[in-house]
Every structure is written in C-alpha cells, then in structure tokens.
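Down below is the structure, laid out as structure tokens.
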Amino acid sequence: MRHITQAYLDGAFVPTLGTDVMDVINPATEQKIGTARLGNRDDMRRAIDAARRAQSTFGRTTKSERIALLKRLQASVLARTDEIQDVTIEEYGGPVSRSKWVSQYASQCFGYAAQALESYELTRTVGEATVVMEPVGVAGLITPWNSTAGSICSKLASAIAAGCASVIKPSELSPIQTHVVTEALHDAGAPPGVFNVVTGRGNDVGAEITTNPAIAKISFTGSTPTGKAIMRAGIETMKRVSLALTGKSASVILDDADLARAIPAALNAGFQNSGQACIAGTRILVPRKRLADAAALVKAAVSALRVGDPRDPATAIGPMVNQHQYDRVQYFIRRGREEGATLVVGGEGRPEGLKKGYFVKPTVFADVRNDMEIAREEIFGPVLAMIGYENEEEAVKIANDSIYGLQAYVFSTKAERARAVASRLEAGTVSINGVKVEPLAPFGGLKHSGIGREFGTFGLEAFLEPKTIVSV
C-alpha cells in the first residue's frame, strides 16, 4: 500500500498543502492499492515560483550543458525502467507488453531530445540579421493518464532542450506512476527548480497553470473540450499553447490490400493501449464488396484476443482505467446497437470469466454509417466501427469527414498508391500498413485534434522564440 503525500518543488520532495485525499484503485482487481494527497493552487504557485527563479539561470545555459543534463536524465529514468513498468501495470492496468514499451520510451525521450538539440542551430544569419532562438520562458506541462511516464518525459525533454524551466501537472489518476518517475528524474541532479511536479485536479492545479502570468508556455495532452478551455484561459496572459487532443482515426483498407494481413494490423491499431489511445484507428474503412470477408476475419481475430490480467504476457487488452471509463465504453456499445449497427463481436458487460476489474469485451460493429455517434465520438476504449465504401474517392471523403485529424492508417500492397492516399488524408500523421512511431518526427493534429507539434526539432521549437538582432 503506497501513500503519496508529497509534491516535488525546487529540487526536493515536500509535503503537499492540499488536503484532498483520493484512493488509488487497481483497475484489474478493483482493490485499493494506495492513497494520494493531491496538491492545490498554493502548491502550484510554489512550483511556479521555483521555476521562475530557476529560469533566469537555466535559460542562459549552453547547448552542451543542456545535452549533458538530458543524458543524465536518460540514464536515471533508464535505471528505473522495471519499476516504472510495474507501477504502470498496477495502477493503470496497462498490459505488460504496452507497459514495457512505455517504460523504455520514457528514458529514450531524453536521448531523442539531445539528438535534436545537437544538430539544431540556436543562432543563425538571416540576410543582414542575426536570429537567436531563445527559450520562451517557464513552461506548464499538463499530461494525461493513459501514458504517464512517456508523456511526462517527452514534454520535459523538449522543454529542457530549449532551456525552459517547467512545472508539471500529471493526471490525478496516476499519482503512483508520477511519484516513481519523479524519483527517477530527481536522481539526475538537475538544478533546483528546473522541473517541479504537482499532482492535482484540473480545476485548481491546472487552472493555476493556465492563468498564472509567470507561465509563458503550456503544452497539454488530453481532450478537446479541456484544450479549448486552456486556450481561452491562457489568452489573457498571451500564453503560447501546444495542444495534442482528441482523435477519431480512420484505418483505410484499400481494395488491393491483403485482408489476411490488413485486418490484424488494423485491429492492432484500433485496440492499442486497450483502446485508450488518442491515435487508435477506431474507424475501419473497408471496400463494401469485401465487408463480409473482412467481418469474418475480424470476428475470428478478436475472439482469439486475450483480455484479462495485465501482468500476463499473453494479455492483449487490459482493463479501463476506472469505473467512469468503463461506464462510458458500455454506453457507446449500447448506443451502437441503438443506432442500428451490426454487432460483429463483443458487446456489453465483462468478458466471460472476469467477475472483477474494469474489463470490456473488445467490440467491433459493422454496417456503421459515418454519421453515427460511435463513428463521430472518441470512445477511448476497445470499440471499433467498420464502415463500407464504394471507391477510393469515397474512402478519402469518409476518412476526412470528421472534426478530428490526429492520425490515420492506410493499408495497401502498393506502396506508391498508399502514399498517394496518405497525402490526401487530413491527419497530422499517417502510418502505412501498421503502427509505427518515429520519435524524431513531428506529432500533433489538425482541426479539433490540436495545435502545434511535439517530438524532435518541431517539439524543441515549440519551446523557443526567435529574436532578431540587426545592426545599422
């Protein structure tokens, strides 16, 4: 049983001033595994003050000094990889394969940021002017619950590379993961105040970040409604804002695709991270003449998926993060049937044999229209919608008929054709014939899926401002 009672301020773990105590529940067992005393606005004000003091010095550090710090952070987080994996399984319910990947990625973020900074020219000549890329100032980093270690480390890595001291507000649903990651970051010996961590709720800790004039930049990952609220609050103090938001990604299976390969790959894209992923390919677009064959393959593949104990290496899908998320997913499964979609596999309730835990049957609907709620809304669970189309033109039209544009997938046996279709899809990232992440390439969305980019050079520049110096 763990009891989290501290925030991380000015280089040290200190008791939180907040008095709101929440239970931490293992979503696979519904058993209490700890408590967390959440921070409040006063805790975040202390964090911002520490970051502001650190910024005056850290913002003037050299490229080599920042790279050295990034490499120390990489080594420190790497040393705690196994523990990060274990608490991700215990607190979040992430299957071991996914949790292992996240724990390794967390340390790698700092190496990628060092690589991007190494080759980046902070000072350059433009015409007769000198342009200097300077840190924007104190950054507020707000991270989600579905990838705690990875989100904290990727955002912090870019901020440090740019020379920005930071305050971090992780989700209140992940206090144990946050504490372990923060302990690992502390071991790197960063100057006090360079990063500060306060776990708390959005309506107080998060609100302080969005309104405090000392915060110059906000990087947020989460839902579109929350992202809009952050933008509205931040405009009063002209904060720079990057938002990675909701997705409703399309997986376009072209008529030349090998269904025996494309269907398992599309299901992997849709069910990744137990469906609790903004980049999940939750709309599977299939040529109408091949829908029956595709549905048969889907039913067989999904029926064979292991749902259950996230510690079991054979488990493909773990529990939803909490009761609220479980109930949300159940609503959408009911809604799909009410709207007239055909249930291919899955349905309401827990999988057979599971009496405890927030487990959901992996569910796929066919005969879905793109105007149905299950095709428009991000469900954030293992629920997929199969949509038929007549030709390539209609497939592109359906894929783009969404207010979101975060990710898309294309499946084809013809590389040139797949790239041509990818170029027409309204999405920040398009992956061909499977799920692949390039951590040095920009990540972010179009339309209501966000503003700005993360990762690599683009993520670095999100925390920099250009200053032009011209002599007469």
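The values are calculated or read from the model by the stated rules, or taken from the named source; none is laboratory data. If you're wondering where the values come from, they're calculated on a predicted model, not measured in any experiment. FYI the Cβ positions are ideal-geometry reconstructions off the backbone, even for glycines, and counts take in every protein chain you see.
Considering (1) crowded, with 22+ Cβ neighbours inside 10 Å; (2) at negative phi; (3) outside any helix (DSSP H, G or I), the lone condition that Val181 does not fulfil carries the number (3). Give Gln276, Gln272 a once-over and let me know the one that is closer than 30 Å to Ile160 by Cα and either modelled with pLDDT under 95 or touching a Gly at 6+ places or on another chain (Cβ under 8 Å) (or both). Step by step, each of Gln276, Gln272 is checked, and only Gln276 is closer than 30 Å to Ile160 by Cα and either modelled with pLDDT under 95 or touching a Gly at 6+ places or on another chain (Cβ under 8 Å) (or both).
If a residue has to be charged (D, E, K, R) and crowded, with 17+ Cβ neighbours inside 10 Å to count, how many in segment 425-446 make the cut? Number satisfying all stated conditions: 1. Within segment 186-216, being among the hydroxyl-bearing types (Ser, Thr, Tyr) and touching a residue at least 40 places away in the same chain (Cβ under 8 Å) holds for Thr199, Thr210. Of everything listed in (1) out of contact with any strand residue (DSSP E or B) (no Cβ under 8 Å at 6 or more places or on another chain); (2) under 27 Å from Ala161 (Cα atoms), the single unmet condition for Asp42 is (2). Out of Val321, Val345, Val329, Val360, one residue alone is in contact with a helix residue (DSSP H, G or I) (Cβ under 9 Å, 6 or more places away or on another chain), over 22 Å from Pro27 (Cα atoms) and either in the same structural domain as Pro382 (by TED's automatic domain parsing) or not hydroxyl-bearing (Ser, Thr, Tyr) (or both). It is Val345. Could you tell me whether Lys299 is among the basic types (Lys, Arg), touching a strand residue (DSSP E or B) at 6+ places or on another chain (Cβ under 7 Å), surrounded by fewer than 24 Cβ atoms within 10 Å (Cβ to Cβ) and closer than 19 Å to Ala262 by Cα? Yes, satisfied.
From the list Gly381, Gly347, Gly336, Gly353, the lone residue that is in a loop (DSSP other than H, G, I, E, B), surrounded by 23 or more Cβ atoms within 10 Å (Cβ to Cβ) and of a type in the set (Gly, Ala, Ser) is Gly381.
Which residues, taken from segment 131-161, are part of a helix (DSSP H, G or I), closer than 21 Å to Glu183 by Cβ and of a type outside the set (S, T, N, Q)? Within segment 131-161, Ala149, Gly150, Ile152, Cys153, Lys155, Leu156, Ala157, Ala159, Ile160 qualify.
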